[in-house]
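Student: Sharing a structure with you now.
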Amino acid sequence: MSTAHQRLSSAAINHLHDSEPRWFAVHTRSKSEKFVQRMLAKKGIHAWVPLQRLMRRYTRSTRWVEKPLINAYIFVKITKEQYVPVLETENVSGFVKFSKNLIAIPETEIDLLKRITLEEGLDMEAVPGSLSEGDWVEIAAGNLMGLKGRIVKAQGKRKFQVELNYLFQSLLITVDAAFLEKTRLAIP
């Protein structure tokens, strides 16, 4: 295999298209999904936050509230030229990537999310079911983005204790599942 062919085969996949808008997931800062959606709309970028409407009971009242179906996520339908303006938007942490690949989300999956959000009163929590103890992961957002480690303990459905091999010591940190990406490669 030629060296040029090896470089091409190891290059990251990018599903952005010059003229055909495609759906992508974007990480936002916590509790800023609706704000980011408004900021993107001002830039003329099609953005959507799947919201679920829930009845909440408080001490003195009961009322309907809207909360994001997937915390710290927003979905954008963009072309290649809109990629940088999305990244430059306040409270955007970055695009959701799978093993460093920018993969478009099929329209059928977005339609499924839209159908789920139409179910009024359905209390649902999106949790990544593919993470478990022993999995090698990379932190995909926040100040620790890019660090790799191994899940050593699950703490409930959404938090994982990750062992990071750094500075010749093992550092144990607790990370929200939304910030973890499973990686195939074991860290030596």
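Conditions (1) modelled with pLDDT under 80; (2) surrounded by 14 or more Cβ atoms within 10 Å (Cβ to Cβ); (3) part of a loop (DSSP other than H, G, I, E, B), marked per residue:
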| residue | (1), (2), (3) |
| --- | --- |
| Lys114 | no, no, no |
| Val127 | yes, no, yes |
| Gly146 | yes, no, yes |
| Lys157 | yes, no, yes |
| Val162 | yes, yes, no |
| Asn165 | yes, yes, no |
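Student: Checking Lys31 against (1) at negative phi; (2) exposed (fewer than 14 other Cβ atoms within 10 Å of the Cβ); (3) charged (D, E, K, R): exactly one of these is not met. Which one?
Tutor: Failed condition: (1).
Student: I would also like to ask the following. Restricting attention to the stretch 17-33, which residues are in contact with a strand residue (DSSP E or B) (Cβ under 8 Å, 6 or more places away or on another chain) and either closer than 20 Å to Leu180 by Cβ or among the charged types (D, E, K, R) (or both)?
Tutor: Arg22, Phe24, Ala25, Val26, His27, Thr28, Arg29, Glu33 - these are the residues of the stretch 17-33 that are in contact with a strand residue (DSSP E or B) (Cβ under 8 Å, 6 or more places away or on another chain) and either closer than 20 Å to Leu180 by Cβ or among the charged types (D, E, K, R) (or both).
Student: Evaluate the stretch 48-69: report whether one residue or more is within 28 Å of Leu147 (Cα to Cα) and among the polar types (S, T, N, Q).
Tutor: no
Student: Turning to a different aspect of this structure: Which one is modelled with the highest pLDDT, of the residues in the stretch 172-188 that are in a strand (DSSP E or B) and surrounded by fewer than 13 Cβ atoms within 10 Å (Cβ to Cβ)?
Tutor: Filtering the stretch 172-188 for residues that are in a strand (DSSP E or B) and surrounded by fewer than 13 Cβ atoms within 10 Å (Cβ to Cβ), the one modelled with the highest pLDDT comes out as Thr174.
Student: Out of Ala47, Ala12, I need the residue that is assigned to a strand (DSSP E or B) and among the aliphatic types (A, V, I, L, M). Which one?
Tutor: It is Ala47.
Student: Can you pull out the residues in the stretch 67-112 that are polar (S, T, N, Q), in a helix (DSSP H, G or I) and exposed (fewer than 15 other Cβ atoms within 10 Å of the Cβ)?
Tutor: Keep residues of the stretch 67-112 that are polar (S, T, N, Q), which gives 71, 79, 82, 89, 91, 93, 99, 101, 108.
Next, from what is left, pick out any that are in a helix (DSSP H, G or I): 82, 108.
Residue satisfying the conditions is Thr108 alone.
Student: What tally of residues in the stretch 66-109 results from selecting those that are under 21 Å from Gly44 (Cα atoms) and modelled with pLDDT under 85?
Tutor: 0
Student: Is it the case, given these coordinates, that Met39 is modelled with pLDDT under 90 and either over 24 Å from Ser99 (Cβ atoms) or part of a loop (DSSP other than H, G, I, E, B) (or both)? Steps first, please.
Tutor: Numbers: modelled with pLDDT under 90: no; either over 24 Å from Ser99 (Cβ atoms) or part of a loop (DSSP other than H, G, I, E, B) (or both): yes.
It is false that Met39 is modelled with pLDDT under 90 and either over 24 Å from Ser99 (Cβ atoms) or part of a loop (DSSP other than H, G, I, E, B) (or both).
Student: If you go through the stretch 18-71, how many residues are farther than 17 Å from Ile110 by Cβ and aromatic (Phe, Trp, Tyr)?
Tutor: Of the residues in that region, 3 qualify.
The values are calculated or read from the model by the stated rules, or taken from the named source; none is laboratory data. Just so you know, these numbers come straight off a predicted model, no measurement behind them. We place every Cβ from the backbone using ideal geometry, glycine too, and count neighbours over all the protein chains shown.
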